[in-house]
């Protein structure tokens with residue numbers, strides 16, 4: 001079914017998380033077993049190493065299974081995980097085999113440091129900066145460099161300089177404090193990713209990776225405080241509890257790989273975002289860092305100089321200036337977002353417009369082609385809409401269009417794309433949907449349309465045509481043409497129905513037949529408008545002409561009359577009371 005797999009990643013995540021929680025309980029329970037300290041250390045180290053191995057397996061699994069466009073991302077994350085596993089293995093080797101409480105520096109640190117390089121490359125992979133302009137790429141690079149530079153300077157004052165002592169090895173002291181600093185930098189990069197350069201909606205596995213980075217940062221900071229206080233000893237209970245943070249970090253990396261594969265198999269995954277303006281969020285991100293960094297750095301510089309009132313004034317001025325930058329950037333974001341929204345949406349219904357439809361259809365066809373999936377288009381056209389405008393006015397017609405737009409929007413998936421491409425014409429882009437499934441969607445929408453309460457007396461109906469990639473067409477123009485042909489055939493053969501494109505039926509509909517049907521369609525619209533005008537004159541016989549026409553049509557089919565004769569009878573029934581138009585109201589509505 002179309003919605004059966006929607007919750008699958010979340011159910012799988014809950015199941016795996018529950019299993020990991022049980023795994024952690026087993027890890028902690030070893031500490032209380034009546035065995036030697038060495039046996040406890042060996043057992044816990046073995047269980048601990050399984051988690052970075054699981055992270056590496058998850059990355060390899062995702063690399064093998066995901067789409068080609070995501071393989072580079074999982075390659076970098078897999079390389080980072082492999083160096084993390086190597087670093088953990090070296091640490092365990094020094095501790096268990098060589099029985100060193102504190103392994104020799106810097107051998108154990110090198111793999112960890114290399115892993116951070118690939119983590120930064122992973123963040124760039126999440127950003128997908130190749131889809132933005134060259135100027136935006138340069139701007140992104142400069143903003144990230146500013147943020148990292150300010151974070152590094154602040155980290156030196158807050159973390160490295162206060163903890164450094166003359167008798168300590170400078171390089172070792174710096175690298176010991178390097179981990180929380182670089183974790184903060186990764187989180188800042190992740191924040192800019194979220195706020196500025198992420199051009200698609202966040203997938204569940206991307207959120208999981210972000211949580212993993214957050215968990216690692218918190219654990220590294222706690223570890224750094226333990227090392228500073230000289231209270232971290234391998235084998236004690238506090239070290240075992242702290243290790244759970246790193247284990248959870250590795251588990252989240254492995255879980256993300258599984259989620260990436262599951263969501264790839266999930267039906268209907270569309271991840272469009274208003275990406276053309278999201279890079280303006282980098283203004284806010286950088287300005288926010290400046291708000292915190294400039295006053296803090298000046299305050300810290302004051303701590304190493306003589307106190308002066310000018311510092312307070314300067315700090316206040318810089319803070320106000322930075323706040324002005326933030327407010328200005330927020331206003332700019334709001335304006336650009338509004339402009340982009342108006343450029344891609346229909347002002348009346350709030351649905352996406354024809355321009356957006358053309359762009360997204362091409363993108364969805366390309367995506368479906370890469371992933372080997374079906375993708376369907378459903379074109380819906382309101383029957384006799386011009387009659388509704390003529391009889392009830394354009395305001396009522398607009399009200400009907402808005403109601404229909406809401407009905408369509410409420411009866412599709414969040415991943416489906418609904419557009420208004422004409423006056424009374426709507427189109428649905430249905431990712432990962434076969435022609436039969438698209439037919440069911442169109443049929444349900446048509447039935448819902450008929451039950452709009454405010455227009456029951458009009459008898460609102462619509463027709464729909466369905467075409468599917470790649471079964472019916474392999475490019476966007478041909479796909480629209482096939483869906484439009486199916487819609488045209490549905491209207492010509494009775495309206496109020498959904499038709500899947502069939503070359504055996506649609507193709508023989510030649511130009512002369514189309515011209516004839518257009519003339520017939522225009523004639524029938526006029527007939528329906530006249531019948532509605534007659535019914536509007538006489539309140540005692542509302543919809544009388546329509547009911548008689550429907551009865552005549554049913555009787556004609558029961559008597560096995562041909563369609564041409566039935567059409568003539570239908571027209572005659574609709575116009576049988578046409579004379580009422582010329583009768584004055586005082587006579588037509590006279591009591592008795």
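Computed from the coordinates by the stated procedures, all read-outs in this text should not be read as laboratory data. Fair warning: this is a prediction, and the values are worked out from it, not measured in the lab. So basically every Cβ, Gly included, is an ideal-geometry build from the backbone, and we count neighbours across all protein chains shown.
A few remarks follow.
- Extension gain, residue 341 to residue 238: 0.36 nm times the residue separation minus the Cα-Cα distance gives 31.8 nm.
- Over all orientations, the stretch 1-95 has a Cα convex hull whose mean projected area works out to 8.0 square nanometres.
- Added length on full extension, which subtracts the Cα-Cα distance from 0.36 nm per residue, residue 96 to residue 26: 23.2 nm
- Once the gyration tensor of the Cα atoms in the stretch 345-507 is diagonalised, the equivalent ellipsoid follows with semi-axes of 26, 17, 13 Å, ordered largest first.
- Potential lengthening of the chain between residue 450 and residue 358 amounts to 30.3 nm, from the contour at 0.36 nm per residue minus the alpha-carbon distance.
- Spin-label model distance (nm) - residue 19 vs residue 411, 7 Å beyond Cα toward Cβ: 4.1 nm
- The simple Förster model, with R0 at 35 Å and r as the Cβ-Cβ distance, assigns residue 348 and residue 71 a FRET efficiency of 0.20.
- Sorting the segments 248-261, 481-494, 406-419, 24-37 by their residues' average number of neighbouring beta-carbon atoms within 10 angstrom, most packed first, yields 248-261, 481-494, 406-419, 24-37.
- Across every direction, the projection of the convex hull enclosing the Cα atoms of the stretch 14-54 has a mean area of 2.8 nm².
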